[in-house]
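A short worksheet on the structure shown next.
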Amino acid sequence: MNPSVAVVILNWNGKAFLNQFLPGVLRSEYDNLRVIVGDNASTDDSVSFLQQNFPAVQIIKNDQNYGFAGGYNKVLERVEADYYILLNSDVEVTPNWIKPVISLMESDAKIAAAQPKIKWQLNKNQFEYAGAAGGYLDIYAFPFCRGRLFNVYEDDQGQYDEQSEVFWASGAAFFIKSKYWKETGGLDADLFAHMEEIDLCWRLKNLNYKVMYCPDAEVYHVGGGTLQTENPFKTYLNFRNNLIIMQKNLPATDAIFRISIRMCIDFIAWWHFLLSGKPKFTLAVTKGHWHFVKSIAKTNRKRKTNQTPYTQHTGVYNNSVVWAFFIKKIRYFKDLVRS
């Protein structure tokens, strides 16, 4: 029998997405599968809708909205399976989206996490922002994806059709062996949302585990389903959390230098928002930096003693992706790695 798999969808007021995409999840071609919806204290009628229309789906209710990270931690405390798949509610799956990833992960005990190919649900030929063909970090821990640099999205022409190790797997469709989830303590609830899957992958890599991309499985992500891209709170979370995960996971000799440079790069973004007439986003960057500084002592207590030298990790681009994109005008991953 195949390893047991629990697909866990964290829901918050997502009735429309559940109605649209949950039937496809239930048709997944895998013979040892449970589908669970963890409800993060929704204020719509999501739960009653599920009970009436999807009786095969197990519902686990949180007593409040703990955010993406805390919400999943609370739900998965009550789930037993060999593998967890954290699946966004706004993801359309294909019938055979599970088995290729599980087969890949079963082939190597060191593989802890993985993702399928993630494309845009509104244009299924195009890679999607939050995952594409696997995540990378640049020299200053700026995240990007194969298939997507900033606002440039590649069409899928088979250029990423080989299995490969990456730095981080997308939280939109995140596969992880449950034993490694438990070993690391899951997601960092203090992050609330955004960057939490990168932090988890970084911690896994510091433990000498692998994160993989599987091109033989494919899903389609709407994106921005819970927190829209043009949202100052999302900007705040991204800027704050990126600095926090750098402090948590970089070796001590690297942390001060790389964080200092990163904050200078963020200051350029601060000016860009200000000059573009977006004062709320300027304030979001300021708040993100301030709350990072306030949390330094708390974050320091989360640091481990086994950080691997950063540039030794697979999936690190040893230059600045910001410089490559905005100054050198590089638009595609293939040109980035050649530069």
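The values are calculated or read from the model by the stated rules, or taken from the named source; none is laboratory data. Every value quoted in this text rests on a predicted model; they were computed, and no experiment measured them. Cβ: placed from backbone, ideal geometry, glycine included. Neighbour counts: every protein chain shown.
When you check I261 against the structure, is it outside the structural domain of V93 (by TED's automatic domain parsing), without any contact (Cβ under 8 Å) to a residue 24 or more places away in the chain and among the aliphatic types (A, V, I, L, M), yes or no?
Answer is no for this residue.
Suppose we keep only residues that are touching a Lys or Arg at 6+ places or on another chain (Cβ under 8 Å) and closer than 19 Å to G171 by Cα within the range 20-73. Which one would you say is surrounded by the most Cβ atoms within 10 Å (Cβ to Cβ)?
G38
Based on what the data block shows, is E29 charged (D, E, K, R), farther than 23 Å from Y180 by Cβ and part of a strand (DSSP E or B)? If you could, list the steps in order and put the result at the bottom.
Working: charged (D, E, K, R): yes; farther than 23 Å from Y180 by Cβ: yes; part of a strand (DSSP E or B): no.
So E29 fails the test.
Looking at K334, K280 in this structure, which one is farther than 29 Å from M212 by Cα, part of a helix (DSSP H, G or I), touching a residue at least 24 places away in the same chain (Cβ under 8 Å) and basic (K, R)? Walk me through how you get there before you give the answer.
Details: K334 fails: farther than 29 Å from M212 by Cα.
Among K334, K280, only K280 is farther than 29 Å from M212 by Cα, part of a helix (DSSP H, G or I), touching a residue at least 24 places away in the same chain (Cβ under 8 Å) and basic (K, R).
Pairs, please: C-beta under 9 Å, at least 6 apart or cross-chain, first residue at pLDDT below 95 and part of a helix (DSSP H, G or I) and in the range 284-312, second surrounded by fewer than 16 Cβ atoms within 10 Å (Cβ to Cβ) and among the aliphatic types (A, V, I, L, M)?
From the range 284-312, no pairs qualify.
Let's see how each residue does on (1) of a type in the set (D, E); (2) surrounded by 21 or more Cβ atoms within 10 Å (Cβ to Cβ); (3) modelled with pLDDT of 95 or more:
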{"residue": "Q157", "(1), (2), (3)": "no, no, yes"}
{"residue": "E165", "(1), (2), (3)": "yes, no, yes"}
{"residue": "S170", "(1), (2), (3)": "no, yes, yes"}
{"residue": "A173", "(1), (2), (3)": "no, yes, yes"}
{"residue": "S178", "(1), (2), (3)": "no, no, yes"}
{"residue": "L187", "(1), (2), (3)": "no, yes, yes"}
{"residue": "L191", "(1), (2), (3)": "no, yes, yes"}
{"residue": "E196", "(1), (2), (3)": "yes, yes, yes"}
{"residue": "D199", "(1), (2), (3)": "yes, yes, yes"}
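Within the range 58-81, which residues are part of a loop (DSSP other than H, G, I, E, B) and either in contact with a strand residue (DSSP E or B) (Cβ under 7 Å, 6 or more places away or on another chain) or of a type in the set (A, V, I, L, M) (or both)?
Of everything in the range 58-81, those that are part of a loop (DSSP other than H, G, I, E, B) and either in contact with a strand residue (DSSP E or B) (Cβ under 7 Å, 6 or more places away or on another chain) or of a type in the set (A, V, I, L, M) (or both) turn out to be N62, R78, V79, A81.
Test N208 against the stated conditions and say whether it is surrounded by fewer than 23 Cβ atoms within 10 Å (Cβ to Cβ) and modelled with pLDDT under 95. Lay out the reasoning, then the answer.
On the way: surrounded by fewer than 23 Cβ atoms within 10 Å (Cβ to Cβ): yes; modelled with pLDDT under 95: no.
No; evaluated as a whole, the condition is false for this residue.
Identify all residues within the range 238-268 that are within 22 Å of E128 (Cα to Cα) and crowded, with 23+ Cβ neighbours inside 10 Å; write none if there are none.
Step one: of the range 238-268, the residues within 22 Å of E128 (Cα to Cα) are 238-239, 241-242.
Listed by number, the residues that qualify are F239, N241, N242.
Considering the range 1-42 alone, what residues qualify as being basic (K, R) and farther than 13 Å from Q58 by Cα?
The answer is K15, R27.
Among the residues in the range 193-207, are any assigned to a loop (DSSP other than H, G, I, E, B) and within 20 Å of P309 (Cβ to Cβ)?
yes
Can you name the residue in the range 258-298 that is touching a Phe, Trp or Tyr at 6+ places or on another chain (Cβ under 8 Å) and among the hydroxyl-bearing types (S, T, Y) and, of all such residues, is farthest from P232 (Cα to Cα)?
Of everything passing the filter in the range 258-298, T286 is farthest from P232 (Cα to Cα).
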